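All remarks here apply to the structure that follows.
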Amino acid sequence: MEELSRAGKQALKSQPFSALMGARLTSLSEGKAVLEVPIREELLQQNGYVHGGVISYIADNALMFAGGSVLGPAVLTSEYKINYLRPASGETLVARASVVNAGRRQAVCRCEVFTTGAGRKETFCAAAQGSIVSVSAPREA
C-alpha cells in the first residue's frame, strides 16, 4: 500500500493544475482516495464561497485516483456527475472517493466532498459519481 501511495503522490505532483490548486493526496489505498485542497482567496467566487470549478476539480481527481488504484496508473475520467449540496467555505476542501464496482477496463466510483473549519468540523457540500477508464499510452498528435 505504501508503494501505491507513493506512486499516487508522484502522479499528483506531475499535474501542473493540481500544483496550482495546492492539492494534496492524503490517503490512497486499493479502491479509496482522499484529496485535500487548502481554501484560499484565489479559489473563491464573488460571494465568498469556494468556486464550483474547484469543487468539481477535487471530486474529479479523487474519483480518478480511486479508480486508478484498482485499474492501474494509466486512467482517465470518462464521465462524472456532481451535485452541489451547499455553498462551500472553511479552511480545507476534502474529497473522499471510493470504487463502487470495477471491471478490467472501467471503474465506477463515488465521491463525497466536505469542507473543514476550526476543529476540523466537516460540512458535506457536494456528491459526485463517475466512470474511470483504463487507457493505453498517449497517442502522438
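The values are calculated or read from the model by the stated rules, or taken from the named source; none is laboratory data. This structure is a prediction, so every number in the text was calculated from the model and none was measured. Note that each Cβ is placed from the backbone with ideal geometry, even for glycine, and that neighbours are counted across all protein chains shown.
Points to keep in mind about this one:
- Selected residue (criterion: modelled with the highest pLDDT) from residues of region 109-141 that are more than 20 Å from the chain's Cα centre (by Cα) and over 22 Å from Val54 (Cα atoms): Gly119
- Only listed residue being more than 14 Å from Ser134 (Cβ to Cβ) and more than 10 Å from the chain's Cα centre (by Cα), chosen from Val70, Val50, Val37, Val75: Val50
- Elements of type strands (runs of 3 or more DSSP E) in region 38-141, at least 1 residues being touching a Lys or Arg at 6+ places or on another chain (Cβ under 9 Å): 92-102, 106-116, 122-134
- Cβ separations smaller than 8 Å between residues 6+ apart or across chains give no pair from region 24-49 residues that are at pLDDT below 95 to residues that are assigned to a loop (DSSP other than H, G, I, E, B) and among the acidic types (Asp, Glu).
- Residue within region 36-51 that is among the acidic types (Asp, Glu), touching a helix residue (DSSP H, G or I) at 6+ places or on another chain (Cβ under 6 Å) and loosely packed, with under 14 Cβ neighbours inside 10 Å present: no
- Every pair of residues 6+ apart whose Cβ atoms lie under 6 Å, when the first sits in region 6-18 and is within 21 Å of Ser56 (Cβ to Cβ) while the second is not hydrophobic (A, V, I, L, M, F, W, C): Leu12/Ser18
- Contacts under 6 angstrom Cβ, first residue in region 60-87 being basic (Lys, Arg), partner in a strand (DSSP E or B), 6 or more apart: Lys81/Gln129; Arg86/Cys125
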